[in-house]
Amino acid sequence: MVTAVDVREVTFRYRSGKGLRGVSFSVAPGERVGIVGPNTAGKSTLLRLLSKVLTPHSGAVLVHGRNISGVGRLALAREVAVVPQDFQVAFPFSVNEVVLMGRYPHAAGGAWSTRDRAVAQAAMDVTGIAGLAHRRVDELSGGERQLVSLARALAQEPSVLLLDEPTAHLDLRHQRDMVDIIFAPRTDRVRTTMIVSHDLNLAAEHCDRLLLMAGGAVQAFGVPEEVIRPDRLERAYGCPVQVDVDPLSRRPRVRSSPVHAGAVQLETESPWM
């Protein structure tokens, strides 16, 4: 089986003792996978391992069949791009300059070619920020900065796109913009997308498969109908939930159960659903 991402018995521990334990799964090229689970489940840690920010204590991460432990950072950046949860720029770069930074893994001798500039422009067009090209990034709103982060990642032309809560802290309009871009219909099926999200309904509606994590381990991995089940969600989140079917998408939908004493309310419906 050809895989875009292959995680094999990966274990990682922070000094606190938290981390991942024996995580294994495979993602096919072009697949859209949602990574869901409660806080401290290990979702963001998994993305850091996939992007080589962290190194597994044991096990292996393969991208297109290559163990990334033996792949240089620039070479990996030509395959894998990351959109972090909170995008900050320390210097007063323009939007155009920041998006062009996504071309650095491809640039010859550090100089931007005509194609580099064209790819960066296309990424700004797709994300709707072309009109901000000459604005300073530190002058933009949080939602606009997040779109700049996505444009920079798209400018890398990655085969694997990793997103860590890309809609967190965004208003309704920017949430809609981000979701529409990430999950836009496409025919090439080339780019693999893995998105960490606390919004179970967003993930269930838009992703091909869901990876449910809790306690640093995989609890379930499969199509939304297999993962979004009350028994599995209640074990992972530790609170009661109700699941029905969305009348429009026909995908499973999580609805909040009445909050009992000591229980934590889970997810509500996505604001754009």
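Database remark: amide H of LEU211 closer than 5 angstrom to the amide H of GLY34, ILE35, VAL36 (H placed geometrically; neighbours at sequence offset of 5 or more, or on other chains; Pro and chain starts carry no H). For region 1-48, the set of trypsin sites (Lys or Arg not before Pro) satisfying both a DSSP loop assignment and a count of at most 12 other C-beta atoms within 10 Å is given as ARG15. Take the Cβ atoms of SER113 and ALA28, set R0 to 25 Å, and the FRET efficiency comes out at 0.20.
The value of relative contact order for the chain, using C-alpha pairs under 8 Å at least six residues apart, is 23 percent.
Fully extending the segment from THR55 to ARG235 would add 61.9 nm, taking 0.36 nm per residue of separation and subtracting the current Cα-Cα distance. Computing Cα extents along the principal axes in Å for the structure here picks out one of [x] 58, 41, 39; [y] 71, 40, 30; [z] 67, 59, 39, namely [x].
Coordinate-derived values only; no laboratory data. None of the values given here were measured: they were computed from a predicted structure. Here Cβ is always computed from backbone atoms with ideal geometry, including for glycine, and neighbour counts include all displayed protein chains.
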